[in-house]
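To keep things clear, I will list the structure first and then write my remarks on it.
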Amino acid sequence: MIPKGITTRVQTALRILLITVCVGTLGAGFTFAQADNSPTTTVRSVVDAVLAILRSPEFEFETARPLIRAEIQRAFDDVAMAQSVLSTNWRTATKEQQNEFKDLLMRTIESTYIGRIRAYTNESVDFRSEEIKDKRAIVTTAFLAASGEIPVIYKLRQRSDGWFVYDVEIENVSMVSTYRETYRSVAKKSGMDGLLQQMREKLAELQAKENLPPA
């Protein structure tokens, strides 16, 4: 199930998520999991490298797609995201339900936005500020599209192996909060088993629409 609150403009801006996370496997030699970099340096290095890759005449989206999918898994803190999205339902879910929800959530995000890179033209990213408090960080950027400037805020947390994204706010809309609102209502009505079933069905629809192989 895809949250209805995510607008078309936000979906367009979310191409930045894919730009941010796919560089490691594509050959730039850099991933989010480098602990010796600040949050901003981490984000900037990834974005700059991928923008260069996407502008290359040799870039082929179909070839890069599975690599992009793999890098999304590497760049995001999937456990923290799943816990935050599922909220109190995480504590009452079984271990098996937690693992399946985490997997379905990340695959849903991937399948929803992975095709957006194909619409890429000459957008760029402006880095505005960085705020670090203990092991949490906020990197404020702006996605400079032809239609105008779109604010994109990355929220990261530091683990022993580096900085990882656990939420992204685009035009003041939190990706985690938006999914949480939708999934909470489904879980309340249909329980965890019902939520997981709806997510499986929606994921199959998304993969068929984007002509993606089943994951």
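Residues in region 137-146 include none that are free of Cβ contacts under 8 Å to residues at least 12 places away in the same chain, within 20 Å of F76 (Cβ to Cβ) and under 19 Å from the mean Cα position of the chain (by Cα).
To keep it simple, each residue is scored yes or no on (1) touching a strand residue (DSSP E or B) at 6+ places or on another chain (Cβ under 9 Å); (2) modelled with pLDDT of 95 or more; (3) crowded, with 19+ Cβ neighbours inside 10 Å.
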residue: I138; (1), (2), (3): yes, yes, no
residue: T141; (1), (2), (3): yes, no, yes
residue: S147; (1), (2), (3): no, no, no
residue: S177; (1), (2), (3): yes, no, no
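Residues in region 97-130 that are crowded, with 18+ Cβ neighbours inside 10 Å, more than 18 Å from Y154 (Cα to Cα) and aliphatic (A, V, I, L, M) were compared, and the one that is modelled with the lowest pLDDT is I117. Among the residues of region 45-52, are any at pLDDT 70 or above, surrounded by fewer than 19 Cβ atoms within 10 Å (Cβ to Cβ) and within 27 Å of K135 (Cα to Cα)? Checked against the condition, which is being at pLDDT 70 or above, surrounded by fewer than 19 Cβ atoms within 10 Å (Cβ to Cβ) and within 27 Å of K135 (Cα to Cα), region 45-52 yields no hits at all. Taking (1) buried (at least 18 other Cβ atoms within 10 Å of the Cβ); (2) at pLDDT below 65; (3) touching a Lys or Arg at 6+ places or on another chain (Cβ under 7 Å); (4) not charged (D, E, K, R) in turn, V85 satisfies each apart from (2).
The values are calculated or read from the model by the stated rules, or taken from the named source; none is laboratory data. Since the structure is predicted, the reported quantities are computational estimates derived from the model, not experimental observations. Reconstructed Cβ throughout: ideal geometry from the backbone, glycine too, with neighbour counts over all protein chains shown.
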